[in-house]
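Structure first, then comments.
The values are calculated or read from the model by the stated rules, or taken from the named source; none is laboratory data. Since the model is a prediction, treat every value here as computed from it, not as a measurement. In this analysis, Cβ positions are derived from the backbone assuming ideal geometry, glycine residues included, and neighbour counts consider all displayed protein chains.
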Amino acid sequence: MSNQFALTDDQMAIQEMAQRFTANHITPFAAEWDAQKHFPIDVIKRSAELGFGGIYVGEGSGGIGLGRLEAAIIMEAMAYGCPATSAYISIHNMAAWMIDSFASDDLKSRYLPSLISMEKLPATA
């Protein structure tokens, strides 16, 4: 039994996409955001174009239906640029996943589209 681990081609493509997004839209600005205590809503919403508003949400509900490993790949790439932004994307996806997994069809139809598009941004406490 081998102890070696390798990403699949699809996982590497996801990683490269997340790294590119981070390098272009997060890393150059992260220090300024921290210094100004700025929550980069515009960048967070822009990540929805890549499906980052519904990472765990099933495709039938409008998400991209990825697994935890793929999500971890995305979060790791984003955390390289800004851990706080990456953490928020993770929290956002946890909330969207819970609605997709446990809510009634009525609640799903009312909330998931605006969460996946990141028109609405949830929080947990």
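Just name the residue that is nearest to F52 (Cα to Cα) out of those in segment 2-37 that are surrounded by fewer than 10 Cβ atoms within 10 Å (Cβ to Cβ) and of a type outside the set (D, E, K, R).
Per the criteria, the residue is A6.
Six or more apart or on different chains, Cβ atoms under 9 Å: show the pairs whose first residue is in segment 97-117 and more than 25 Å from R46 (Cα to Cα) and whose second is surrounded by 14 or more Cβ atoms within 10 Å (Cβ to Cβ).
Qualifying pairs under 9 Å: A103/Y111; A103/L112.
Tell me, please, whether a residue that is under 26 Å from D34 (Cα atoms), part of a helix (DSSP H, G or I), modelled with pLDDT of 95 or more and of a type in the set (D, E, K, R) can be found in segment 111-120.
The answer is no, given that none of the residues of segment 111-120 is under 26 Å from D34 (Cα atoms), part of a helix (DSSP H, G or I), modelled with pLDDT of 95 or more and of a type in the set (D, E, K, R).
Among the listed residues I41, I89, identify the single one that is under 20 Å from T22 (Cβ atoms) and buried (at least 17 other Cβ atoms within 10 Å of the Cβ).
On inspection, the qualifying residue turns out to be I89.
Residues A72, A77, A96: which one is within 21 Å of A6 (Cα to Cα) and either touching a Leu at 6+ places or on another chain (Cβ under 7 Å) or surrounded by fewer than 20 Cβ atoms within 10 Å (Cβ to Cβ) (or both)?
Only one candidate passes the filter, namely A72.
May I ask you to say which residue of A6, A18 is in contact (Cβ under 8 Å) with a residue 60 or more places away in the chain and either small (G, A, S) or in contact with a helix residue (DSSP H, G or I) (Cβ under 6 Å, 6 or more places away or on another chain) (or both)?
A18
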